[in-house]
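Working notes for the structure below.
Computed from the coordinates by the stated procedures, all read-outs in this text should not be read as laboratory data. Just so it is clear, the structure is predicted and the values come from calculations on it, not from any experiment. We place every Cβ from the backbone using ideal geometry, glycine too, and count neighbours over all the protein chains shown.
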2 protein chains.
Amino acid sequence: MRFARGNAVVLSSFRVRHGGDLSTARRLFGSPPAGWLDLSTGVNPWPYPYGTIHPETLTRLPQEDALEALLAAARNAYGVPAANGLAAAPGSQALLQMLPAMRPRSRVAVLAPTYEEHTVAWRRLGHVVEEVGSLAECGEADVVAVVNPNNPDGRITDPGRLARTAEELAGRGGWLVIDETFADVAPEVSLASAADLPNTLIMRSFGKFFGLPGLRLGFVAGPPALVGSIASRLGPWAVSGPAMHIGVRALVDAEWIVRTRGRLAKMRRRLDDVLSETGLTVVGGTDLFRLVETAAAQDVYRRLGQAGILLRSFERHPRWLRVGLPPTPGALKRLSVELEGNRSGRAAGGRGRP
Amino acid sequence: MRFARGNAVVLSSFRVRHGGDLSTARRLFGSPPAGWLDLSTGVNPWPYPYGTIHPETLTRLPQEDALEALLAAARNAYGVPAANGLAAAPGSQALLQMLPAMRPRSRVAVLAPTYEEHTVAWRRLGHVVEEVGSLAECGEADVVAVVNPNNPDGRITDPGRLARTAEELAGRGGWLVIDETFADVAPEVSLASAADLPNTLIMRSFGKFFGLPGLRLGFVAGPPALVGSIASRLGPWAVSGPAMHIGVRALVDAEWIVRTRGRLAKMRRRLDDVLSETGLTVVGGTDLFRLVETAAAQDVYRRLGQAGILLRSFERHPRWLRVGLPPTPGALKRLSVELEGNRSGRAAGGRGRP
């Protein structure tokens, strides 16, 4: 029970290690003199310029018309057909957490390796979860969860294949859950705009692409009855006033969205150059993060952490590192210098080789 | 299904009518030239002076150490014993929504009349809910939900009686759910600081007393295993960055808390004077709202709405009106003038009498 005693209750929420946790980084590595360069997340380093947070978004209960405006903006941005339901939540994580409580004990297939919270959330509520390597291995699963594009390897699952999976699942009362947290930088793979996908829930994250994960805002689109049930379970005032206010402005800003996609793609290419120049093999990713594979991953993680650069390592995949986008050319240079020094150190001392 | 189509999904979240919804008020009454005086909520009209919202609370994922600090502050403010669990959520409403998914089909007794979302949330998930007038009528219920002090009548349930109810319920595996949303202005009735209350969950709202309901922040205290299960279901990053940042500062500000209690009590007495001077009988309430009972309630509600003053009316209690605290002496005067004019109008024209 320790996890729930005192303030240690927090530990239960962090059973899965996540990126972006500088407080844990500080415990591991101390506080770097130059400040942290946090490349451990897949969050856009150039947040949407949200301007001022008006006090009344905090001092008043979130307003019904503000929620309507937010949903209209999200519907337009994601292309959700008028016939489909759409609901807003305090983060796509909150939606992910709800789904396992909405079904009797089910057989759940999670397309893996992927963001581990899907497996954790379904398993926690007693469902039988199997992590599978492809949709062909889903067998007779009642629920299939797919992150598309995938985190951390960027794997893209063909939308047509997903549509067929949806039909198969619906035929036996099952659900297809598509987590499109990173689809803002790969809009061509999104199924949010598909009509008539039976029993399919599409989850979208606001915070990753718009660079505002602290705001807590996410959406789910899908069949009206299913989405309506989710909205009912979320209850009134699920989304904060600031999230409504900032969300609606950002989601209608088509010019910023297009420009940001270009800017992320450009920095991603520069990051790939640095990674390959310093001997790291990029094996996947999206325009919001890159995945490298190296036998020296644990050593690189530790040495860069000691130098104040936080990457994302994976307990279950010790040869992997995920690298987020540096916010500035200077930050990219700092990464380059440390990776280069690390490579020289390893080459000279032979440390970190398995 | 209409509730889940298009943006009308919002309607499903507002099946129960709530205070504070100016967008609906505008549809009913138009936009008053003098601006709305919203007295339809139980929210403190003098919000905690939260200062600046630092951008990094939005641009970073909520940090683990910030959550620990928030929970420590809440634990201290509410007096939660070290042996009890404590979890933070995006609003006490979010906690209320979760509980029905955490039990098999149960018999639920809700001490009524009260905040209707308790009944709605349990019934929605298939539990058998009975609204009862006293704890003595709870019979063999598996779950008992009590709002203490109660909304809207301010009824106080004796903590000792609640403790006995907790023992009885625990004896048959049941839960006692105490919603202490308004206990900040009646700390003597809170059971948040009680140790060894079996199977008892205490819910606290941050937004009402601190005047920041748009922030979405609430807490639940209780047995570690039960609270740990809630924390797990909430998942990581349940609370936004701004909520953590503002919440921790407000909850440790003991001087502000004490001063605000006094200020609310003083304005509540002045409001009572105005209400009784204009012929309205105060039948209950807390220092955050007053309940009046009058045969002319619907007429008063409509006439004040037309004058730009929004009160809270109750579909199931047509003789009731709930009146929140005016933010200024001028606002109190405006209320007084409109209520006086309304009384004269009714006396002269005989309108609005049942």
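Checking the cross-link filter: which lysines have an alpha carbon closer than 22 Å to that of residue B:208, excluding same-chain neighbours under 8 positions apart? Cα-Cα hits under 22 Å: B:266. In chain B, the longest principal axis of the Cα atoms and the axis of helix B:254-277 are about 30 degrees apart. Computed on the Cα atoms alone, the convex hull of region B:197-236 gives a volume of 70 cubic angstrom per residue. Distances between copies at residue B:49, taken between label points 7 Å from Cα along the C-beta direction, are 3.1 nm in increasing order.
Only the Cβ atoms of Lys and Arg (+1) and of Asp and Glu (-1) were treated as charged; on that basis the dipole of region B:272-348 about its Cα centre amounts to roughly 260 debye.
Near residue B:199, no amide H atom lies under 5 Å from its own; only residues 5 or more places off or on other chains count, and H is placed 1.01 Å from N.
Relative contact order for chain B: 23 percent, from Cα pairs under 8 Å spaced at least 6 residues apart, divided by residue count. Taken one residue at a time, the phi angles of region A:186-197 give Karplus couplings (6.51, -1.76, 1.60, θ = phi - 60°) of 8, x, 5, 8, 5, 9, 4, 8, 6, 8, 6, 7 Hz. Gly and Pro are set to x. Taking the C-alpha atoms only, the angle from helix A:297-306 to the longest principal axis of chain A is near 80 degrees. A label point on residue B:72, set 7 Å along the Cα-to-Cβ line, lies at 4.6 nm from each of its counterparts in the other copies, closest listed first.
The C-alpha atoms of chain A define a longest principal axis, and helix A:64-78 lies at about 60 degrees to it. For region B:195-239 versus region B:114-137, the inter-centroid distance based on Cα atoms is 20 Å. Hydrodynamic analysis of region A:231-354 uses the Kirkwood radius over alpha carbon pairs. Inserted into Stokes-Einstein at 4 °C and 1.567 mPa s, it gives a translational diffusion coefficient of 78 µm²/s.
Across region B:151-164, rounded Karplus estimates of 3J(HN,Hα) from the backbone phi angles (6.51 cos²θ - 1.76 cosθ + 1.60, θ = phi - 60°) give 10, x, 8, x, 3, 10, 9, 4, x, x, 5, 5, 4, 5 Hz, Gly and Pro being marked x.
Here the dipole of chain A is about 1320 debye; that uses its Cα centre as origin and unit charges on the Cβ of Lys and Arg (positive) and Asp and Glu (negative). The calculated FRET efficiency for the pair residue A:333 and residue B:258, based on their C-beta separation and a Förster distance of 60 Å, comes to about 0.70.
If only the Cβ of Lys and Arg carry +1 and only the Cβ of Asp and Glu carry -1, the dipole of region A:91-183 around its Cα centre is close to 280 debye. Here is the size of the protein assembly as shown from its Cα atoms: Rg then Dmax, 26.6, 99 Å.
In whole Å, how far is the Cα centre of region B:260-293 from that of region A:267-294? Spelled out, the Cα-based centre of one part sits 64 Å from the other. Counting from the shortest, the label point at residue B:283, 7 Å from Cα toward Cβ, is 7.0 nm from the same position in each remaining copy. Residue-wise HN-Hα couplings along region A:19-30, as the Karplus relation 6.51 cos²θ - 1.76 cosθ + 1.60 with θ = phi - 60° gives them from phi, are x, x, 9, 5, 5, 5, 4, 5, 5, 6, 10, x Hz; Gly and Pro carry x.
A viscosity of 0.692 mPa s and a temperature of 37 °C, combined with the Kirkwood radius over C-alpha pairs in the Stokes-Einstein formula, give region A:113-196 a diffusion coefficient of 246 µm²/s. Rounded to the nearest 500, the helix-only mean residue ellipticity at 222 nm of chain B stands at -12000 deg cm²/dmol, with each DSSP H run of n ≥ 4 adding -39,500 (n - 2.57). Between A:298, A:236, A:220, the Cα set farthest toward the positive side of the dipole of chain A (charges on each charged residue's Cβ, about the Cα centre) is that of A:298.
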